Structure formats: structure tokens, C-alpha cells
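Enquirer: Supplied in C-alpha cells, the structure appears directly below.
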Amino acid sequence: MSSMDNLKNAFAGESQANRKYLAFAKKAEEEGFKQVAKLFRAAAEAETVHAHSHLRVMGGVKSTKENIQEAIGGETFEFTKMYPQMIEEARKGGNKQALQSFEFANKVEKIHAELYQKALNNMGKNEAVDYYVCQVCGNTVENAAPDKCPICGASKSMFIKIG
């Protein structure tokens, strides 16, 4: 295996560890284990440092314009090819929880592609836009959280402002 293959694998592993440790931290907080949650968050941050380093070495961080274009491509792939296939397989397999998770993500990935395209179109205009993310389905909206999430039906209180 080449160093580039190893970097790609290491980037994927470190990225997954980051997300997993943040989920573990949230669970530890819920169970009252604040110190364990803090350790999970610290390890998650370290995994992010590793992932970013691997990505830089691979040449994966380019100009902002190129990065947005890549993000549009990735999001578009997800909502046109990846998730539709997963949705169909979950439907066939009768896994309702996986089906809902995939359907939520599929709808939101299309929104992400649209938001990235809008950002690309507005680059350099320095327009201030706030973003809010639904903590149930990941729906991402501009300027203000809706009273009810149009994707999952969650209340406005389930949206967090991204700063």
C-alpha cells in the first residue's frame, strides 16, 4: 500500500474516531460522567488535529473556491447516488430506523449543496448569514430557526445557532 493510500485510510479513521468520541462525550454527559465526557472531547479534538494533518499532506485543502466546489460535488454525490441506494436497501430490508436516518440525511445533503452553491455565488460580497442546525435531522437553515423543522418536524428549540 502506498503512503497516499495510508494517508486516506488514516484520515478516514481519525475522522470517524472524532465523530464517535463526540457522540460518546454526549452520552457520558447525559449519564453524569463529566470527567469522562471531557476526556472524550479532548481525544476527539486530537483526532481532528491528526485528520487535518493527513488531509493537508494529501493536498486535500485547496483554495476556498476549490474547497466549496469539492463540497458541492460531494454533497451532490450523496443525495443523487449514495443515499438513494442506501434508502432503497433499507426499505427492502425493512430497517425503518436506518431508512429514516438515510432519508433525513439525503434531504439535508441537497440543502447543503444548495447552500454551498449560494456561498460560491456570493464569495467576496461579505454578506453576513447565520446558520441554524436541527439536532434531530441535521437540517441546515439560514438566518433563523423555523418554528418546526420542515424535514423531521422537530420544534424550534432543537435548532442550534452555529457561530
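Enquirer: Looking at the structure I just gave you, is I72 under 17 Å from the mean Cα position of the chain (by Cα), under 29 Å from M4 (Cα atoms) and outside the structural domain of F11 (by TED's automatic domain parsing)?
Expert: Values: under 17 Å from the mean Cα position of the chain (by Cα): yes; under 29 Å from M4 (Cα atoms): yes; outside the structural domain of F11 (by TED's automatic domain parsing): yes.
The answer is yes for I72.
Enquirer: Here is a follow-up. Restricting to segment 21-76, count the residues that are polar (S, T, N, Q) and not in a helix (DSSP H, G or I). Don't jump to the end; show me each part of the working.
Expert: So the first thing to find is which residues in segment 21-76 are polar (S, T, N, Q), and the list is 35, 48, 53, 63-64, 67, 69, 76.
Add one more test, that the residue is not in a helix (DSSP H, G or I), and what stays is 63.
Total satisfying the criteria: 1.
Here's the yes/no breakdown for (1) within 18 Å of the chain's Cα centre (by Cα); (2) closer than 20 Å to T80 by Cα; (3) not in a loop (DSSP other than H, G, I, E, B):
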{"position": "Y116", "(1), (2), (3)": "yes, yes, yes"}
{"position": "L120", "(1), (2), (3)": "no, no, yes"}
{"position": "M123", "(1), (2), (3)": "no, no, no"}
{"position": "C137", "(1), (2), (3)": "yes, yes, no"}
{"position": "G153", "(1), (2), (3)": "no, no, no"}
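Enquirer: Could you identify the single residue in A90, A71, A113, A51 that is touching a Gly at 6+ places or on another chain (Cβ under 9 Å), of a type in the set (G, A, S) and over 24 Å from F24 (Cβ atoms)?
Expert: On the way: A90 fails: touching a Gly at 6+ places or on another chain (Cβ under 9 Å); A71 fails: touching a Gly at 6+ places or on another chain (Cβ under 9 Å); A51 fails: over 24 Å from F24 (Cβ atoms).
Answer to the check: A113.
The values are calculated or read from the model by the stated rules, or taken from the named source; none is laboratory data. Model, not experiment: these values are computed from the prediction. Cβ coordinates were reconstructed from backbone atoms using ideal geometry, including for glycine residues, and neighbour counts include every protein chain displayed.
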